[in-house]
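Q: There's a structure below that I have some questions on.
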């Protein structure tokens, strides 16, 4: 149960982050990925005041928040709340099948990430302070997620 709650929260957050980008057209000069790095990593969302049409951006975000809130309310207490929310949210999307596929892909990616984090935590069990930081750094390097010159 303790591992389920953070995973559910992370999945909900990734759904929110993705849907915010999915409802706004890509900014000029950023190609197909919109506000995302080419490597697929997410940045923090830009403030709507930095967008070409701040009012439209705010309206899109408000609509997205309301859709997520409605999905959350509709799925309260369900056995598989995550898939219920995905189905409920994607039912309102312009292309529900595409929304479902992207949500499942994000869920699988998040599950792999959580498994990697769990493995790192197990490998570094019993270490504290600088020794723990060093252990995590070594584990990231082994998994290929640490780039030279990157902090942490």
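The values are calculated or read from the model by the stated rules, or taken from the named source; none is laboratory data. All values reported here derive from a predicted model rather than from experimental measurement. FYI the Cβ positions are ideal-geometry reconstructions off the backbone, even for glycines, and counts take in every protein chain you see.
Q: Might you let me know whether segment 44-56 holds any residue that is at pLDDT below 85, in contact with a helix residue (DSSP H, G or I) (Cβ under 7 Å, 6 or more places away or on another chain), surrounded by 13 or more Cβ atoms within 10 Å (Cβ to Cβ) and under 24 Å from residue 96 (Cα atoms)? Break it down into steps so the answer makes sense when it comes.
A: The initial filter retains those residues of segment 44-56 that are at pLDDT below 85, namely 44-46.
Next cut, in contact with a helix residue (DSSP H, G or I) (Cβ under 7 Å, 6 or more places away or on another chain) only: 45.
The next check asks that each one be surrounded by 13 or more Cβ atoms within 10 Å (Cβ to Cβ); those that pass are 45.
Next, from what is left, pick out any that are under 24 Å from residue 96 (Cα atoms): 45.
The answer is yes; a qualifying residue exists.
Q: Taking only pairs six or more apart or across chains, which ones have beta-carbon atoms under 6 Å, a first residue in segment 137-152 that is on the phi < 0 side of the Ramachandran plot and surrounded by 13 or more Cβ atoms within 10 Å (Cβ to Cβ), and a second residue that is in a loop (DSSP other than H, G, I, E, B) and at pLDDT below 75?
A: Matching pairs, first to second residue: 140/146.
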